[in-house]
Structure formats: C-alpha cells, structure tokens
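Worksheet: one structure, shown below.
The values are calculated or read from the model by the stated rules, or taken from the named source; none is laboratory data. As the structure is a prediction and not an experimental result, all values here were calculated from the model. When we count neighbours, we look across all protein chains shown, and the Cβ atoms used for this are built from the backbone with ideal geometry, even at glycine. What goes into the accessible areas is simple: the full protein's heavy atoms, side chains included, and nothing from ligands, DNA or RNA. Shrake-Rupley method; radii C 1.70, N 1.55, O 1.52, S 1.80 Å.
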Amino acid sequence: MDTLGKTITCRAAIAWKRNSPLSIEEVQLEPPKAGEVRIKMTSSAICGSDNHILKGSLPGNFPLIPGHEGAGIVESTGEGVSSVKPGDKVLTLVVPQCRECNSCLAPKGNFCEKQDILPSSGLMLDGTSRFTCKGQEIYQAFRTSTFAEYTVVPEIAVAKIDDAAPMDKVCLLSCGMPAGYGAAVHSAKVTPGSTCVVFGLGGIGSAVVMACKASGASRIIGVDINEEKFPRARVLGVTDCLNPWKLKEPVQQVVVEMTGFGVDFAFEAIGLVETVVYCCLESCHLSYGICQIIGLAPSNSQLSLEALMVVSGRTLKGVCLGGYKTRDCIPQLVTDYLQNKINLDPLITHQLPFDQLHKAFKLYHAGKR
C-alpha cells in the first residue's frame, strides 16, 4: 500500500489520563512535515521515564502515547530531511541533537535546547501533534511516542544505524544503555582500580555496572531493595550486594566502612532525592569522590544538603543520556555492539509482542527487569 504523503491508520497505546491503564487504539498519523521523519516501529523498550510521565511524577499532557526507547525503519521523510531516507534503520532519541544550539555546539554536554523533556509539551517543534484518535488530538511523549506501530519524529531526534543491527536488541541503545553506560565511561570516566557503588540495579544501573567493570574498577558495590536482581548483578560485575532494608547501619555508612574512606565513584540510578543526598553523596570519598546522578527525580522535588558535604572536595554531578551527543555517538554504540565491544543481551529480560504491552508494564512494576 502506498502511504507516501498520506495519513495512515495504525495501532498505538494511549494513556487517556494520568494514572490510567494504557489502551490499544486505532489512531490516525499524519505524514511528516518539513524536517520530520515517519518511522515504522519494530521494537521498543520500557524506560523508567515512561513510567514517570504516566504516573505524573514528570509533567506531561494527556491523552498521550508514551514510549521513547525505540528502533524502526524510515517509512517516509518530510521536506529538507537529508540524514536519513526511506528504508534506513534508525533509533529514536529522547535527547535530540539539533547541532545549532549552544548545548549542541559546546564541546561538553548534550542537553539540546530543542528537547521536550523539561518540560514536556507533548507537541512537535511547530506546536502541533501528528496523532489523532476518535477525532481528538493525542500528545506525543518526548516527541517520540514509540508505543505505536508508526510514529513521526523530528529529524534531529533520529539516528541512522548499521543495517546489520538486530532491532529487538539495539532499541536499548536508544536511551537506557547509553544513559547508564555513558554515565560511567563517558561522563564520570571511571578509572582502573577504582571503587564504585551503584544505587539501583535495574536496566540503567546494570548498564552502569557493566561500564564500571569494563573500565577496570576493582570493587563494584550494588545497592537495591529487590534481592532478585543480585544474581544477575554479580554476573555483570558487582562484587558486593547490599539490601539497605536489611542493614543495621545506614547504607552509606556501610559503604564507607567497606571501602575504608568511601568510594571513588557513586551512581544514583533510582530517581529518589533521599538516595542522592543521604546515600549516594555520603558514600563518596570526602576529598575526591564523584557522585553521578542518573535517576530522574519527581519534578517538584528539591535537593537540600549541608555545604560541608561538598566543600571538602566531593563532586555532585548530573548527567543525561550518558552525556553523549546523540546523533554523533549513538550509531557508534550500535557498531560497538555489533563488534562485541559492548553486550546488550544481559539487559534484556523479556520480549513480548505489542499487544502484550500491559503485561510488560506489570513485569516492570514487579521488578522483573
């Protein structure tokens, strides 16, 4: 069927309001406008940020189609698109790279000024959405909305990848894997022989662990309240597993005692303010420890800490998507996977068809990830 330049009908998962279950609906998707790409989605992973926006801890407009960690094939392109063409395999990017704003042009940092995360409008760059359902405009999560059979994404949020890439695996390189892996190797730059602690052993935390091991860390402490994650964590490289609920002392005190002085690198992959201040930062060596914040805390939360916690030399540092310039760096990560330089397979716990998305979220909330 020739769909070029036409509105198409496809299935998508819609959250009609905050805290409501996803509903698989038939939606209408307009063709891409100038600077946009329409993609036939083949695979999408669930990321914590999807859950945050559905639950309201991250502001968003409803009704909306969530999902941002996706892989697909370009179906058509709008006027002026030059970096991809129909038939190309691509990844969607929650953090775009416009290559024009100050953040993109600066040698460090990657938080493009044309992002739609903080805050999330749910609209394309021209202020409209491409999706409708039952005559109603549907908002697009982070300008990606990968929980759909087709989606429209700005060209600046699309990365062309190797044709040999297995889409059901490399979709993780759209967000979760680089967010964790890049936080350790690209942003914090974990050093050989160093000590690390990772708070949260889900997908992103597991990617941090893999990066710390690949960087030559001598000790990697994993912290999580779900002990079912410990066996996999040990396989990935964790040397010590801690459940803070079962400790007689605060977890940060235990970490300091285990290492003698505190760790060189601490990573927060949960998104809890309490973990950032009272656990992650205090676990760091007071003179040179680096505390890296990856987890996305609720939008109205505030950090409050004593100045003396950092004046001694500790560093409290945030990072988004590993600090990678996304369109420049993500395709290389796909190539690294194809060349067996990084391994995505341990991060894949379940693979389900699109119509079982509800089951996938149940597994996510049960900690089976």
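Whenever a residue of the stretch 1-27 is free of Cβ contacts under 8 Å to residues at least 24 places away in the same chain, its partners that are open to solvent by 30 Å² or more (accessible area, probe 1.4 Å), lying with C-beta atoms within less than 7 angstrom and at least six residues away or across chains, give the pairs Thr9/Glu26; Thr9/Gln28; Ser23/Trp16. Screening Gly216, Gly202, Gly182 for residues that are over 16 Å from Cys284 (Cα atoms) and at pLDDT below 95 leaves exactly one candidate, Gly202.
Scanning the stretch 196-228 for residues that are assigned to a helix (DSSP H, G or I) and either under 16 Å from the mean Cα position of the chain (by Cα) or closer than 21 Å to Leu173 by Cα (or both) gives Gly203, Ile204, Gly205, Ser206, Ala207, Val208, Val209, Met210, Ala211, Cys212, Lys213, Ala214.
Being touching a residue at least 40 places away in the same chain (Cβ under 8 Å), closer than 24 Å to Pro244 by Cα and in contact with a Gly (Cβ under 9 Å, 6 or more places away or on another chain) narrows it down to one of Gly271, Gly323, so name that one.
Gly271
In the stretch 197-213, the count of residues that are in contact with a Lys or Arg (Cβ under 9 Å, 6 or more places away or on another chain), open to solvent by 20 Å² or more (accessible area, probe 1.4 Å) and among the polar types (S, T, N, Q) is zero. Across the stretch 73-93, a minimum of one residue is classified as of a type in the set (Asp, Glu), in contact with a strand residue (DSSP E or B) (Cβ under 6 Å, 6 or more places away or on another chain), at pLDDT 95 or above and open to solvent by 30 Å² or more (accessible area, probe 1.4 Å). When Thr132, Thr151, Thr191 are screened for being open to solvent by 10 Å² or more (accessible area, probe 1.4 Å), assigned to a strand (DSSP E or B) and of a type in the set (S, T, N, Q), only Thr132 passes.
Determine, yes or no, whether Ser103 is part of a helix (DSSP H, G or I) and within 25 Å of Pro32 (Cβ to Cβ). In short, yes.
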